[in-house]
Amino acid sequence: MTSKQKDQHGVRSQRSQEADKPHRRKGEKTYSCDECGKDFTRTGDLKKHQLIHSGVKAYSCEFCGKSFTEAGHLKKHQLIHSGVKAYSCEFCGKSFTEAGHLKKHQLIHSGVKPYSCELCGKSFTQAGHLKTHQLIHSGVKPYSCDLCGKSFTLAGTLKKHRLIHSGFKPYSCELCGKSFTQAGHLKTHQLIHSGVKPYSCDLCGKSFTQAGDLKKHQLIHSGVKPYSCDLCGKSFTEAGYLKKHQLIHSGVKPYSCELCGKSFTQAGNLKTHQLIHSGVKPYSCDLCGKSFTLAGTLKKHQLIHSGVKPYSCDLCGKSFTEAGYLKKHQLIHSGVKPYSCELCGKSFTQAGNLKTHQLIHSGFKAYSCDLCGKSFTQAGDLKKHTGNEVSCCNQCGKMFTTDTQLKRHMFSHTKERPYKCDLCEKTFKSPHHLRNHRQIHTRK
């Protein structure tokens, strides 16, 4: 066999060997990572991916120190510092540093969410978002905080969480001075000052600055509360609300007020409480001048003046301005008194009433009369004793020593007479007047 023939035979032999190999179709992922099992179509992509597991990040940003496994990733990152966002969304005007990010963003406006979770039905615009979401159902939280022990499903979420412990809040609001650990949180906060609330509830008309807040709110109307407390059976629309509630049962109150010693389960509750000691009440009622430390408390107060009481008791017809007040009231009809005093056995429908009662046993009387020196466990009892004018009618300015007296007086300002006598058809403005009238019939 000549040299040329040998070469031709070698080529044919090589072709034959190639043919014997399993045929790889285009797009097929035949290269797998030994560490995590992720598949790739090319060896080069697998090689780049394996750098993540090595932990080596050779490319560092000279502006912020952030490191990357590839030079290309560093280059993309540096666009953030340049401030140049060349790709803008034609629907909402939001700008991006990369065309790919704009493309992903535009899926939000399309409304198409082709990736659905098989366990809960939640849909996503991107496969990656679905994959991240599915980690929640797995229950696996491999990333733990060294300082507080809190665990997370993603390393990035742990990284963000650690900023809380650092106390470093580099992003400040120019309008109110409030600071944040992340730029995204500042951006969300700034929507409050804009006053723009583009997301409205179709059922009650309430508006929100973010679509996510509207979505959470709509759960209230659905009546669905899938998260229940194992200890008391109370249900919640969100897992986060349940988690906060469970702190009550734990009895742990790590946040204490330096001025009065009162403790709280959450830092936010302590912060709200501290406003009381500051004495600052920036929110005033236009109708009666009463001031409040929080805007939410003012809003609730204003319902009193509106006269609207949309929450009615099915058993006695009594109406309330808030659903919470109705719920507390309904405990009276249930006859259930789960809160008992360990010292005398007296039971109460609410924990707050028990706490007030326990002051009697403590013997502690913090409220003293300046005239006679008599002491009382509650401020309200002192007010009754001194006869101080503590309640004012916003209609005529008349003063009363108790809220009950004021409440009775308020009936004099209404023209309605909703309380009717069953025996003589006579009508009255208040239940008190009706009761007095009925005595006439009983004497007959």
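In the chain, the C-alpha radius of gyration followed by the widest Cα-Cα span (Dmax) gives 33.8, 140 angstrom.
Taking the alpha-carbon centroid of each part, what is the distance from segment 41-57 to segment 312-383 in angstrom? Cα centres, segment 41-57 to segment 312-383: 66 Å. Annotation: amide H-H contacts under 5 Å for residue 38 (H modelled 1.01 Å from N, sequence separation of 5 or more, or interchain): 33. Per-residue Karplus couplings for segment 55-61, computed as 6.51 cos²θ - 1.76 cosθ + 1.60 with θ equal to phi - 60°, are listed in order as x, 7, 10, 7, 10, 10, 7 Hz, Gly and Pro entered as x. In this structure the amide hydrogen of residue 311, modeled in the peptide plane, comes within under 5 Å of the amide hydrogens of 320, none closer than 5 places in sequence on its chain.
Looking at segment 121-169, the chymotrypsin sites (Phe, Trp or Tyr not before Pro) that sit in a DSSP loop and have at most 15 other Cβ atoms within 10 Å of their own Cβ are 168. When +1 charges are put on Lys and Arg Cβ atoms and -1 charges on Asp and Glu Cβ atoms, the dipole computed for segment 185-246 relative to its Cα centre reaches about 100 debye. How many angstrom lie between the C-alpha centres of segment 98-176 and segment 267-291? Distance between centres, Cα-based: 35 Å. Pairs with C-alpha atoms separated by more than 23 Å, drawn from the list 160/187; 113/215; 215/328; 57/85; 300/365, are 215/328; 57/85; 300/365.
Ordering 427, 442, 153 from the fewest to the most neighbouring beta carbons within 10 Å gives 442, 427, 153. Which listed residue (220, 272, 108) has the Cα farthest towards the positive end of the charge dipole for the chain, taking +1 on Lys and Arg C-beta and -1 on Asp and Glu C-beta about the Cα centre? Of the options given, the answer is 220.
Helix content alone sets the calculated 222 nm mean residue ellipticity of the chain: runs of n ≥ 4 DSSP H residues at -39500 (n - 2.57) each, divided across all residues, give -13500 deg cm²/dmol. Distant-in-sequence amide contacts of residue 367, defined by a placed amide H-H separation under 5 Å and a gap of 5 or more residues or a different chain, comprise 376.
In this structure, the pairs whose alpha-carbon distance is over 19 Å, taken from 104/131; 197/290; 66/159; 197/225; 48/159; 169/271, are 197/290; 197/225; 48/159.
The packing ranking of peptides 220-229, 70-79, highest mean first, is 70-79, 220-229, where packing means the average number of other beta carbon atoms within 10 angstrom of each residue. Against the longest principal axis of the chain, how steep is helix 155-166, in degrees 0 to 90 to the nearest 10, with axes from Cα atoms? Roughly 50 degrees between the two axes. Counting every other Cβ atom within 10 Å of each residue's Cβ, 258, 35 order from fewest to most as 258, 35. Applying the Karplus relation 6.51 cos²θ - 1.76 cosθ + 1.60 with θ = phi - 60° to segment 78-86 yields 3J(HN,Hα) values of 5, 5, 4, 5, 5, x, 7, 10, 7 Hz, where x marks Gly and Pro. Among the trypsin sites (Lys or Arg not before Pro) in segment 128-175, none is located in a DSSP loop while being surrounded by at most 11 other Cβ atoms within 10 Å of its own Cβ. Once C-alpha pairs closer than 8 Å and six or more residues apart are averaged by separation and normalised to the residue number of segment 94-230, the relative contact order reads 8 percent. Across the chain, the mean sequence separation of Cα contacts (distance under 8 Å, 6 or more residues apart), normalised by length, yields a relative contact order of 3 percent.
Using the Karplus relation 6.51 cos²θ - 1.76 cosθ + 1.60 with θ = phi - 60°, the per-residue 3J(HN,Hα) values for segment 290-303 come to 5, 10, 9, 7, 10, 5, x, 5, 4, 4, 5, 4, 4, 5 Hz, with x marking Gly and Pro. Over all orientations, segment 24-103 has a Cα convex hull whose mean projected area works out to 7.6 square nanometres. Exposure proxy for 92, 117: other Cβ atoms within 10 Å of each Cβ, ordered fewest to most, give 92, 117.
Read-outs throughout are calculated quantities, based only on the coordinates presented, and are distinct from any laboratory measurement. Small disclaimer: the values here were computed from a predicted structure and weren't measured. Note that we place each Cβ from the backbone using ideal geometry, even for glycine, and neighbour counts take in every protein chain shown.
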